[in-house]
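Just below is one structure, and these are the notes that go with it.
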Amino acid sequence: MARFVLIGSGLAGGLLAAYLGRRGHEVDLFERRADPREGNIVGGRSINLAISTRGIHALEQIGIADEALRHAIPMPGRMIHDKSGALHFAPYDVDPKKCINSIGRAALNTTVIEAAQRYSNVRVHFNHKCTGVDIDSAVAHLESANSVVTARGDAVIGVDGAFSTVRKSMQSEITKFQYDESYLAHGYKELTIPPGADGSWRMEKNALHIWPRKSFMMIALPNPDGSFTCTLFWEFEGPRSFATTKTDDDVRRFFDEEFPDAVPLIPTLLEDFRNNPTGSLVTIRCAPWFYRDKVCLVGDAAHAVVPFYGQGMNAAFEDCVVLDECLQKFPQNRERAFGEYFHHRKENSDALADLAIGNFIEMRDKTASKTFRVKRKLDHLLEAALPGIYLPLYTMVTFTRIPYSTAARRARMQDRIVYGSLAFLVLIAALVMIRLIV
């Protein structure tokens, strides 16, 4: 068995430690932040997430799905908020039992860390910041409050997020390391809808709420305590943007115009807008994700994506499943296991990055349109009429484990067939009408 040094005990780090611990490997998991079980909030990061089939499967494989999901809130569809305040519910799938689930980040993080610590061969070290990795010797250098720590293993795995220190060490040491970092012109800011006086939810609980406004949007996910976490996605710069909205009057005027039904539900709107940070939205692609049998990257460290398909965490959890399978398949050849993992996941993570950006455009621009709602109804009709043959893209990405790249190709093929057939039928109908007229 090998000794692994894992950097980053976020969601994927904790889960991967559990997987490796189950296989009997020695694991030292280092995290720069304090123990989340002590009530520490991860600043600037969403407090709730959407977990779906891929992520749930990863939790099931380690036996903690029921435990993790006990407080999750199922969301079988989107609730669209028009400017007028009118509501339109759009189910995600023809099967009403298929849901995404709003789940608290802190509670899920605690669950995966505790799952890892059930194995005596897993050790978790909080308040240890990684400053660099010697990739040839699989040695991680870390700093704690009172000391400098050197962690030696057979391999170092970077599960330390989009701005990974492990990946930066690879970039500086691997001559042909490929790296691309791109930001959206939009940022995000979180706001809070508190529960009602009786602790109840003040909007539909079982839905992901969207206020689509063409070039920007706001969303809200339910929390178990009756609150909703709202996220405004808005341009950084421009005539109406974060940059030009400076005063409380500017903020109030903007929200009154664009989200009039939400304003009465957000009593701390001005304070939240003023005090909460404005986050950026980055897509990161890199290659390779491994160096010999010494270093490997997992999750956002390898492939950060924007959040608009709700798949960032799910994809990172799927990484853990695939890496575990590859290490099991090649127990005597860790470099080949890392290579197989990279081969399986790279194409799919690139496809997800493109899908996530495309879904942002769909959510903010199209969900409010009647044409979009007709298209979704057609998707559901075809799915019901052709079970197992026709699957909408959203269904494949969210409710199956079909690889992301395969799902994207299949959806393009389906669209060509469906719309080509419709165009052919329209043409035939037009020719028939012409003949009747003649």
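The values are calculated or read from the model by the stated rules, or taken from the named source; none is laboratory data. The shown structure was predicted, so the numbers you read here are calculated from the model rather than taken from an experiment. All Cβ positions, glycine included, derive from the backbone under ideal geometry; neighbour counts span all protein chains shown. Protein only, heavy atoms only, side chains kept; ligands, DNA and RNA dropped before computing areas. Shrake-Rupley method; radii C 1.70, N 1.55, O 1.52, S 1.80 Å.
Evaluating A115 against the criteria (1) among the hydrophobic types (A, V, I, L, M, F, W, C); (2) crowded, with 20+ Cβ neighbours inside 10 Å; (3) assigned to a strand (DSSP E or B) leaves one unmet condition, (3).
For (1) among the aromatic types (F, W, Y); (2) farther than 26 Å from T131 by Cβ; (3) surrounded by fewer than 21 Cβ atoms within 10 Å (Cβ to Cβ), each residue gets a yes or a no:
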site	(1), (2), (3)
A17	no, no, no
F30	yes, no, no
A65	no, yes, yes
M75	no, yes, no
D95	no, yes, yes
C99	no, yes, no
A107	no, yes, yes
T111	no, yes, no
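Here's the yes/no breakdown for (1) aliphatic (A, V, I, L, M); (2) in contact with a Leu (Cβ under 6 Å, 6 or more places away or on another chain); (3) closer than 20 Å to I210 by Cα:
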residue: K370; (1), (2), (3): no, no, yes
residue: L381; (1), (2), (3): yes, no, no
residue: I402; (1), (2), (3): yes, no, no
residue: R410; (1), (2), (3): no, no, no
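Only strands (runs of 3 or more DSSP E) whose full extent lies in region 156-266 are considered here, and the ones with at least 1 residues that are touching a Leu at 6+ places or on another chain (Cβ under 6 Å), open to solvent by less than 10 Å² (accessible area, probe 1.4 Å) and modelled with pLDDT of 95 or more are 178-193, 217-222, 228-235. Taking the condition in contact with a Cys (Cβ under 8 Å, 6 or more places away or on another chain) and either touching a residue at least 24 places away in the same chain (Cβ under 8 Å) or buried (at least 22 other Cβ atoms within 10 Å of the Cβ) (or both), does H380 pass? For H380, the condition - in contact with a Cys (Cβ under 8 Å, 6 or more places away or on another chain) and either touching a residue at least 24 places away in the same chain (Cβ under 8 Å) or buried (at least 22 other Cβ atoms within 10 Å of the Cβ) (or both) - is not met.
Screening region 309-320 for residues that are open to solvent by 10 Å² or more (accessible area, probe 1.4 Å) and of a type outside the set (G, A, S) and picking the one that is modelled with the lowest pLDDT gives Y309. Residues in region 128-150 that are under 30 Å from T283 (Cβ atoms), part of a strand (DSSP E or B) and not hydroxyl-bearing (S, T, Y): K129, C130, G132, V133, D134, A140, H141, L142, E143. Residues that are surrounded by 17 or more Cβ atoms within 10 Å (Cβ to Cβ) and basic (K, R) within region 272-294 comprise R285, K294, listed in sequence order. Pick from region 391-418 the residues that are in a helix (DSSP H, G or I) and open to solvent by 90 Å² or more (accessible area, probe 1.4 Å): which of them is farthest from Y309 (Cα to Cα)? Per the stated criteria, the residue is I417. Residues in region 326-338 that are part of a helix (DSSP H, G or I) and surrounded by fewer than 16 Cβ atoms within 10 Å (Cβ to Cβ): Q328, K329, E335, R336.
Is there a residue in region 302-325 that is within 30 Å of F89 (Cβ to Cβ) and over 12 Å from the mean Cα position of the chain (by Cα)? No, the conditions are met nowhere in region 302-325.
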